[in-house]
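Below: one structure, written as structure tokens.
The values are calculated or read from the model by the stated rules, or taken from the named source; none is laboratory data. Source: prediction; values computed, not measured. Cβ: placed from backbone, ideal geometry, glycine included. Neighbour counts: every protein chain shown.
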Amino acid sequence: MVFPQESHSLDSLLWSQFISGDYWERHKLKPQEIKYLDKRTQQRVNKLIQQPVLFPPVLKSWKTVRDQIGKLPEPDLEGSFDNEHILRVGAKAYPGHTGSYIDMPSKTLKAGDHGVPGGENMIRYQDGRIRYYTTFEAKRIQTFPENYRIDGSWTESMRQIGNAVPVELGHCIASSLIQAIHSHFKS
């Protein structure tokens, strides 16, 4: 069996943000500086800038938190938009628990027995604000269909979402397996 071909890359995302600026235009935002990125990613951007490459990377850009949830209204305490899109207060950042920058891919959503380590269930904005993902946002990040409902408390819902395989990834792997099985039985 052959795994699916790589289709997206971090370099493509960084190119669209810091070389062409397409990412910021698509989201109708002022281009951001690289200073909000971690040191390793800043070095990667600087490498892209210094390379005399005339053509963008061939692969698609990794999707960011903003790509997945950017058009949603800000959550509120009442769930005015949707009962799965309720603001949960109390998010705190500290070393090792930093959240996912809105203009970078989300950290892997995980289900933890005693809370989620690393802040994987939080959004981090360039201005320093942080907040928890709503259940609705977490479902979007995991590529669940809009009409898929998860009932229960926020903690239990996030545990279910964190235990799930992203829907689009599962589809891609399953499609590859089906192709492999069909080609095996054809030969």
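Quick notes on this one:
- Of the numbered criteria (1) out of contact with any strand residue (DSSP E or B) (no Cβ under 7 Å at 6 or more places or on another chain); (2) charged (D, E, K, R); (3) in contact (Cβ under 8 Å) with a residue 24 or more places away in the chain; (4) surrounded by fewer than 17 Cβ atoms within 10 Å (Cβ to Cβ), the one GLU84 fails is (4).
- Restricting attention to region 46-70, the residues being modelled with pLDDT of 85 or more, more than 14 Å from the chain's Cα centre (by Cα) and part of a loop (DSSP other than H, G, I, E, B) number 3.
- All conditions but one from (1) within 23 Å of GLN32 (Cβ to Cβ); (2) in contact with an Asp or Glu (Cβ under 7 Å, 6 or more places away or on another chain) apply to THR134; the one that does not is (1).
- Filter pass, PRO31 being in contact with a Ser or Thr (Cβ under 9 Å, 6 or more places away or on another chain), in a loop (DSSP other than H, G, I, E, B) and free of Cβ contacts under 8 Å to residues at least 60 places away in the same chain: no
- ILE49 vs. criteria assigned by TED's automatic domain parsing to the domain that holds ASP127 and either more than 16 Å from LYS139 (Cα to Cα) or not acidic (Asp, Glu) (or both): no
- Residue satisfying condition, being touching a residue at least 40 places away in the same chain (Cβ under 8 Å), surrounded by 13 or more Cβ atoms within 10 Å (Cβ to Cβ) and not assigned by TED's automatic domain parsing to the domain that holds GLY170, within set PRO75, PRO56: PRO56
- Criterion violated by GLY152 - all others in (1) surrounded by 12 or more Cβ atoms within 10 Å (Cβ to Cβ); (2) assigned to a loop (DSSP other than H, G, I, E, B) satisfied: (1)
- Residue within region 82-96 that is farther than 27 Å from VAL165 by Cβ and acidic (Asp, Glu) present: no
- Candidate set: region 39-74, residues that are of a type in the set (Ser, Thr, Tyr) and in contact with a strand residue (DSSP E or B) (Cβ under 9 Å, 6 or more places away or on another chain); chosen: the one nearest to ASP22 (Cα to Cα): SER61
- Just one of (1) surrounded by 11 or more Cβ atoms within 10 Å (Cβ to Cβ); (2) in a helix (DSSP H, G or I) fails for ARG40. It is (1).
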